[in-house]
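Here is the structure we will look at, set down as structure tokens.
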Amino acid sequence: MNALIVSPLLIPLATLVATLLVRRSPRAVRTISLAGALALTAAGLVLVGLAAQGQILASQAGGWAAPYGITLVVDRLSAAMVAITGIVGAATIVFAMARDEDPARCRDFHPLVHGLLVGVCGAFITGDVFNLYVWFEVLLVGSFALLVLGGGKRRLSGTVVYVVLNLVATMMFLLAAGMLYGASGSLNMALLAQAFAADEVPATAHAAVVLMLTAFSIKAALFPVFGWLPASYHVAWTPVSALFAGLLTKVGVYALIRLVTLFWPDAGIAHEVLLWVACATMLIGVLGAAAQVEVRRILSFHIVSQVGYMILGLAIATPLALAGAVFYLIHHIVVKANLFFIGGIAARLTGSERLAAMGGLYARAPWLALLFAIPALSLAGIPPLSGFWAKFVLVKASLDASAWIAAAVALVTGIFTLLSMSKIWNEAFLKPHPGGAGGEGGGGLRSADGLQPALWAVGTLAAMTVAIGLAAGPVMDYAVAAAEQLAAPAAYIDAVVRAGGN
Amino acid sequence: MEILVSLTVGALVAIGIWMMLDRGLLRVVLGVVVLGNGVNLAVFSAGRLDGRAAAFVTEAGAPALAANPLPQALVLTAIVIGFALFVFALAVLKRSWELHGKVETDLVTAVAEEPAPDLPPQGDKA
């Protein structure tokens, strides 16, 4: 049992070491890397299977009982996040196999991706505040190196912005963790939740949690502290920015959901603030996207606005709203990573990612147009795709909670998202390519040779989006059950306390 | 003692933030380090400062004059991580210097905001 709980950490870590050992052979690196990501997916799915039965797995590192050992906990939400991390990781690795002509980049890319996955999975399964900080740092180090991978002025400049702002955020987190320990004498989330529930903590502990949530808000790119995201995501190599788009902000969202549901399970002033922040995030994000003229920049701003939806679910805090947030997380990670992938393929075919210099894809590459349409419409919330159900549940939860403004903002944001997606559609797909009729692929386009792995990755994720949309029932049942666990932290606390040491 | 440490933390954080508002990127990175040290000191002070006895818990209970060793362990971890990140930031800074000849925050933002470069014409490696 313990081996299964730590497997989301051990598998990427072992893969990282293995890829370093065989780094002279790019083929071996790719094979091991893919195998590692698939193994992580399998482990995640096994965890989902166990968690779906309603049990909360908990383990104490080193065999020390709760306040002393570092607790690892896997409940429904954590298990789902680990599984989806494995899937997006595998898709990224497959995508990166497409016509990779830079052996040095391939050699460095794969170990770093697994380093990032260790940090992401660790953040999802830890039950200890300081340990969460350490996992944040692990994924941060991996993301720094991945972002700058390939070099060049533009990429380096984006990395500087990303590095400085993320360092400040992690320092806030560290300070908050120290304050929380000073005020409450514990860093174990379950024990802290107990103390918060019994009202045994001084006011400084609440202040520390507020500071911590601010740090997570920077990580999750909430209004008004999202500035680093659209300033840096568009400079990275395509697979890297897709991986970031899918996973990184969602770690911040996960941490927000976890801490708020544990420490402040009843709706209070924090939820009210989060509600307004969520509304502002949705609107500002989508309006920012409207001003952009490059594919990845548009998509970057949409990450911001989509994160607002998840926080909306957290802020309303009814079980239905939380279920909506969980469903949104699952759906969004797949869709957003896929859109970045497709943007990358489109840029490879048209020779640019500026909308003005793109075009002609619908005529020459209708398969890509279809693959784009699925996640794009899903993002905007068109039935029967996955985004529709996610938005439907969140809007319904807002209406049930009489949060009329939030519901209105969510709907308006959906319309603007659709406008934004149709902008990409018109510019990149419908209009003729400005370069004329030349090019290997005809119509001014370049050849699609060597892109097959990328198409496999994109096709699989698109199929998942359709599957989540068509089979929304089971996924929503799982999300509702996960939300019930979140809304009643007693079981979580109980599982941690019961998992004593040896 | 706690007062003195608190004031030091406040001063370090203030200096750190002031440096981070500077136009020069080197100062910004150094500001991050100063801020980080302020934060480390704050975490350290969470475990009482007047530790004059080793923090060994015996059957008689915890010694009265011992400081809590946990924040000390946390700070050690944070220092190591912070050092690694600082080194990375310096490496990025050095490379920026090599590419641009100067490192100013405005320049960095301007370069990152440049329109995406088009792929080179066909025939070359993309």
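When residues of the range A:185-199 are filtered for being touching a residue at least 12 places away in the same chain (Cβ under 8 Å) and not in a helix (DSSP H, G or I), how many remain? Break it down stepwise before answering.
Start the filter on the range A:185-199 by keeping residues that are touching a residue at least 12 places away in the same chain (Cβ under 8 Å), which leaves A:186-194, A:196-197.
Within this subset, residues satisfying the condition of being not in a helix (DSSP H, G or I) are A:186-188.
Total satisfying the criteria: 3.
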> Across the range A:323-350, what is the total count of residues that are out of contact with any Pro (no Cβ under 8 Å at 6 or more places or on another chain) and within 14 Å of chain B (Cβ to nearest Cβ)?
Replying inline: 8
> Scanning the range A:149-169 for residues that are more than 8 Å from every other protein chain (Cβ to nearest Cβ) and in a helix (DSSP H, G or I), which turns out surrounded by the fewest Cβ atoms within 10 Å (Cβ to Cβ)?
Replying inline: A:L165
> All but one of (1) in contact (Cβ under 8 Å) with a residue 12 or more places away in the chain; (2) crowded, with 23+ Cβ neighbours inside 10 Å; (3) closer than 30 Å to A:A346 by Cβ hold for A:A231; which doesn't?
Replying inline: (2)
>> Condition first: more than 18 Å from the chain's Cα centre (by Cα), touching a residue at least 40 places away in the same chain (Cβ under 8 Å) and either within 23 Å of A:W135 (Cα to Cα) or within 14 Å of chain B (Cβ to nearest Cβ) (or both). Can you find one or more residues in the range A:267-281 that meet it?
In response: no
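For every residue, the table says whether it meets (1) among the aromatic types (F, W, Y); (2) more than 27 Å from A:T281 (Cα to Cα).
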{"site": "A:P383", "(1), (2)": "no, no"}
{"site": "A:L394", "(1), (2)": "no, no"}
{"site": "A:S398", "(1), (2)": "no, no"}
{"site": "A:A407", "(1), (2)": "no, no"}
{"site": "A:T413", "(1), (2)": "no, no"}
{"site": "A:F416", "(1), (2)": "yes, no"}
{"site": "A:L430", "(1), (2)": "no, yes"}
{"site": "A:G436", "(1), (2)": "no, yes"}
{"site": "A:Q452", "(1), (2)": "no, yes"}
>> I'd like the full set of residues that are within 7 Å of chain A (Cβ to nearest Cβ) and within 21 Å of the chain's Cα centre (by Cα), limited to the range B:87-108.
In response: B:F88, B:A89, B:V92, B:R95, B:S96, B:V108
>> Being more than 7 Å from chain B (Cβ to nearest Cβ) and open to solvent by less than 30 Å² (accessible area, probe 1.4 Å) is the filter here; which residues of the range A:136-148 pass it?
In response: A:F136, A:L139, A:L140, A:G142, A:S143, A:A145, A:L146, A:L147
> If you go through the range B:42-95, how many residues are open to solvent by less than 30 Å² (accessible area, probe 1.4 Å), over 30 Å from A:T159 (Cα atoms) and in a helix (DSSP H, G or I)?
Replying inline: 1
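Okay, residues lined up against (1) crowded, with 23+ Cβ neighbours inside 10 Å; (2) modelled with pLDDT of 90 or more; (3) touching a Lys or Arg at 6+ places or on another chain (Cβ under 6 Å):
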residue: A:L314; (1), (2), (3): yes, yes, no
residue: A:L339; (1), (2), (3): yes, yes, no
residue: A:Y362; (1), (2), (3): no, no, no
residue: A:A373; (1), (2), (3): no, yes, no
residue: A:V393; (1), (2), (3): yes, yes, no
residue: A:L399; (1), (2), (3): no, yes, no
> Within the set of pairs 6 or more residues apart or between chains, which connect a residue that is β-branched (V, I, T) inside the range B:11-39 to a residue that is open to solvent by 70 Å² or more (accessible area, probe 1.4 Å) and assigned to a helix (DSSP H, G or I) with Cβ atoms less than 8 Å apart?
Replying inline: B:V34/B:I15
>> Please verify whether B:A67 is in contact with a Leu (Cβ under 8 Å, 6 or more places away or on another chain), over 25 Å from A:E294 (Cβ atoms) and more than 9 Å from chain A (Cβ to nearest Cβ), treating the condition exactly as stated.
In response: yes
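Let me confirm something: among A:S352, A:S305, A:S300, which residue is open to solvent by less than 10 Å² (accessible area, probe 1.4 Å), over 19 Å from A:V251 (Cβ atoms) and among the small types (G, A, S)?
The match here is A:S352.
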> Within the range A:73-90, can one find any residue that is hydroxyl-bearing (S, T, Y) and either within 22 Å of the chain's Cα centre (by Cα) or under 20 Å from A:V251 (Cα atoms) (or both)?
Replying inline: yes
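Kindly establish whether B:A84 is in contact (Cβ under 8 Å) with a residue 24 or more places away in the chain and facing another protein chain (nearest Cβ under 10 Å). Even if it seems obvious, please write down each step before you answer.
Numbers: in contact (Cβ under 8 Å) with a residue 24 or more places away in the chain: no; facing another protein chain (nearest Cβ under 10 Å): yes.
In short, no.
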> For A:A198, all conditions in the list (1) over 16 Å from A:S232 (Cβ atoms); (2) open to solvent by 30 Å² or more (accessible area, probe 1.4 Å); (3) at the interface with chain B (Cβ under 7 Å from one of its Cβ atoms) hold save one; what is the number of the exception?
Replying inline: (3)
> Quick check: anything in the range A:64-82 open to solvent by 10 Å² or more (accessible area, probe 1.4 Å), under 17 Å from A:S7 (Cα atoms) and among the charged types (D, E, K, R)?
Replying inline: yes
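The values are calculated or read from the model by the stated rules, or taken from the named source; none is laboratory data. Keep in mind the model is a prediction, meaning the values are calculated, not measured. No Cβ is skipped: glycine too gets one built from the backbone with ideal geometry, and neighbour counts run over all protein chains shown. Ligands, DNA and RNA are stripped out before the accessible areas are found, and what is left, the full protein with its side chains, is counted by its heavy atoms. Shrake-Rupley method; radii C 1.70, N 1.55, O 1.52, S 1.80 Å.
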